[in-house]
Structures are given as C-alpha cells and as structure tokens.
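All remarks here apply to the structure that follows.
Where a number appears in this text, it was derived from the coordinates with a stated rule and is not lab data. On a predicted model such as this, the values are computed, not experimentally measured, just so you know. Reconstructed Cβ throughout: ideal geometry from the backbone, glycine too, with neighbour counts over all protein chains shown.
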Amino acid sequence: AQKVTQAQTEISVVEKEDVTLDCVYETRDTTYYLFWYKQPPSGELVFLIRRNSFDEQNEISGRYSWNFQKSTSSFNFTITASQVVDSAVYFCALSEKGYSSASKIIFGSGTRLSIRP
Amino acid sequence: EPEVTQTPSHQVTQMGQEVILRCVPISNHLYFYWYRQILGQKVEFLVSFYNNEISEKSEIFDDQFSVERPDGSNFTLKIRSTKLEDSAMYFCASSKGSSVETQYFGPGTRLLVL
C-alpha cells in the first residue's frame, strides 16, 4: 500500500539556519510522482515541487532544494538560510495511479516548521 | 495566473443540515478532486471526477456525499446531512490531464458543524 511518512512532527530553528524536512514513502508502483506542498497559517496548500520516479536529479530553487533517493525511498526537502516567512506546515505527498485515469494524492502527516527571529 | 477558487471560505451549519461547497477549477483542466483536512491532521482524498462522473472515491466518501458539475465551470461537493465529524477544511483541486499531472488546490472552505 502507498504510504508517506514524515517522522518530524515539529521543527523549530532560529532564522538563517538551514533545516531539512524528511520524507519517506512506500509504493509498489514503478511510476509515481512525489510532491511537496506548503501550508502557511492562512490554510491554503501551495504547490512547491513535483518529481517523477525516473528523475533522481536533485533540484534547487532559490533557498529550497530537494534530495530524491530511490534507494532509500526518501524525498527530503532542505531550506537554506531559513526566514520567518518559511514558517508553515509542509506536506510531502505521493501520487497514486489508482484504478481510474485520475490520480489521487496521498499526503504525509506534515511537519510544522517554526522559524524564530 | 489562473487559480482554483472556492466559496464560501467559511461555513457554519447545524448538524443534520445540508451543505454545498462550491469550486471553480482552472478553466482548461479536466480532472477535479475534493480533499478533506480535519483540524491538525493530514489532507485526505475524498473523490476524483472526470468526464462528468466519479473516477474514484475513498471510504470517507459515503452516501452522504455527492459531487456534481452543474455547468461548465462549477464543481460542487454536497453533504446531505452533516455530522459533527464533518467539520474540516475542504479543498478542491484540479489538474490538466490524467494520471499524475500536478493538482492545483483552491484556498479551501472551512466547515464547522455544530
């Protein structure tokens, strides 16, 4: 069965520190996609990145970087030089093809990140 | 940039009442979804919808729930007789294509059942 585990429930760091959010997934599919979403205090879900199972290249976008390692079924997210505005709940997610043409997203339980000034 | 919109942003209702949550997906998207997030918990899939019919539904999506695309732009979630445990944030999402296209989420409707 598909599953996403975010073992870190809450993380608190001081501004400008680097922080890594861990994500481990389980799937029997050979083709799948992984996502990270940000949920700020206002509640909306903001898409950050999508990664397919055949592309293990790490990705960097500004202060954000993602490390996908198929061998350990992990898709970790690092924020460099964190800022107070990064405070949010971050969800790692896995898409599942399912038996229909539409996919569904399976979310992890989220990591609440607090950046202290 | 096109975005998914949802109305209302907040709704308070009495137990047993019917509620309809409305969503306007991104205009050229073909797949539509509802998800639910009980306060402090993870986001859970409810239902996917394509070509005017349900593609898949979770065990949460029981007979009290229904979805509809009444016209070319709206996508609705109806809860027939609300229960206290239906209190949650409901997110609508849409995607352009099938399978594993990125789903873009609306801002959510926070439903409180008293």
**Fill in**
Listed residues B:21, B:84, B:46; largest mean-square fluctuation, Gaussian network over chain B with Cα springs below 10 Å, found at B:84
**Request:** May I ask you to derive the relative contact order of the stretch A:14-117, considering only C-alpha pairs under 8 Å and at least 6 residues apart, and to give it as an integer percent?
**Result:** 33 percent
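Express as a percent, rounded to the nearest 5, the fraction of DSSP beta bridges in the stretch A:8-117 (both residues included) that run antiparallel. Each step should come with its number before you reach the end.
Details: 33 of 38 bridges.
Restricted to the stretch A:8-117, the bridges split so that about 85 percent are antiparallel.
Take the Cβ-Cβ distance between residue A:59 and residue A:1 as r, set R0 to 45 Å, and report the resulting FRET efficiency rounded to the nearest 0.05.
Numbers: r = 27 Å, r/R0 = 0.61.
E(calc), rounded to 0.05, equals 0.95.
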**Complete:** Connecting every pair of Cα atoms under 10 Å apart in chain A and solving the GNM, the largest mean-square fluctuation among A:31, A:20, A:80 falls on A:31
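Nothing charged except the Cβ atoms of Lys and Arg (+1) and of Asp and Glu (-1): what's the magnitude of the dipole of chain A about its Cα centre? Round to the nearest 20 debye.
On the way: 12 positive and 13 negative charges, 47 e Å.
It works out to roughly 220 debye.
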**Message:** For residue B:96, give me every one of the lysines with a C-alpha distance below 20 angstrom, ignoring sequence neighbours fewer than eight places off in its own chain.
**Reply:** A:97, A:104, B:57
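Loop-only check: which chymotrypsin sites (Phe, Trp or Tyr not before Pro) in the stretch A:54-94 are DSSP coil with at most 11 other Cβ within 10 angstrom?
Working: sites: A:54, A:64, A:66, A:68, A:75, A:77, A:90, A:91; in loops: A:54.
Those that pass, being in a loop and sparsely packed, are A:54.
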**Request:** Return the sequence-ordered ³J(HN,Hα) values of the stretch A:38-45 in whole Hz as given by the Karplus equation 6.51 cos²θ - 1.76 cosθ + 1.60 applied to θ = phi - 60°, using x for Gly and Pro.
**Result:** 10, 10, x, x, 5, x, 6, 9
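Taking loop as defined by DSSP and a crowding limit of 11 other beta carbons within 10 Å, which GluC sites (Glu not before Pro) in the stretch B:32-101 fit? Write down the numbers at each step before the final one.
Values: sites: B:44, B:53, B:56, B:59, B:68, B:85, B:101; in loops: B:59, B:101.
Counting only loop positions with at most 11 other Cβ atoms within 10 Å, the GluC sites (Glu not before Pro) in the stretch B:32-101 are B:59.
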**Item:** Sequence-distant aspartates and glutamates (8 or more away, or on other chains) whose Cα lies within less than 18 Å of residue A:16
**Value:** A:86
**Asked** What is the local net charge at residue A:36, summed over the other residues whose Cβ is closer than 11 Å to its Cβ (Lys, Arg +1; Asp, Glu -1)?
**Response** +2
**Request:** Could you quote the convex hull projected area for chain A, Cα atoms only and averaged over all directions, in nm²?
**Result:** 7.3 nm²
**Complete:** One quarter of the C-alpha convex hull surface, i.e. the mean projected area of chain B in nm², amounts to 6.8 nm²
**Prompt:** Do you know the relative contact order of chain B, to the nearest whole percent, from alpha carbon pairs under 8 angstrom that are 6+ apart?
**Reply:** 38 percent
**Request:** State, in angstrom, two size descriptors of the protein assembly as shown derived from its alpha carbons: Rg to one decimal place and Dmax to the nearest whole number.
**Result:** 17.7, 51
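Trypsin sites (Lys or Arg not before Pro), restricted to the stretch B:1-109: which are DSSP loop and have at most 15 other Cβ atoms within 10 Å? Kindly include the intermediate steps, with their values, before the conclusion.
On the way: sites: B:22, B:36, B:42, B:57, B:78, B:80, B:83, B:96; in loops: B:42, B:80, B:83, B:96.
In loop regions of the stretch B:1-109 (DSSP not H, G, I, E or B), the sparsely surrounded trypsin sites (Lys or Arg not before Pro) are B:80, B:83, B:96.
Quick one: if the Förster radius is 30 Å, what FRET efficiency do residue A:52 and residue B:41 give, using the C-beta to C-beta distance and rounding to 0.05?
Computed FRET efficiency for residue A:52 and residue B:41: 0.60.
Within chain A, what is the longest stretch that has no GluC sites (Glu not before Pro) placed in a DSSP loop and near at most 14 other beta-carbon atoms within 10 Å? Let's see the in-between values first.
Values: sites that count: A:15, A:17, A:56.
With a cap of 14 other Cβ atoms within 10 Å, the longest stretch comes to A:57-117.
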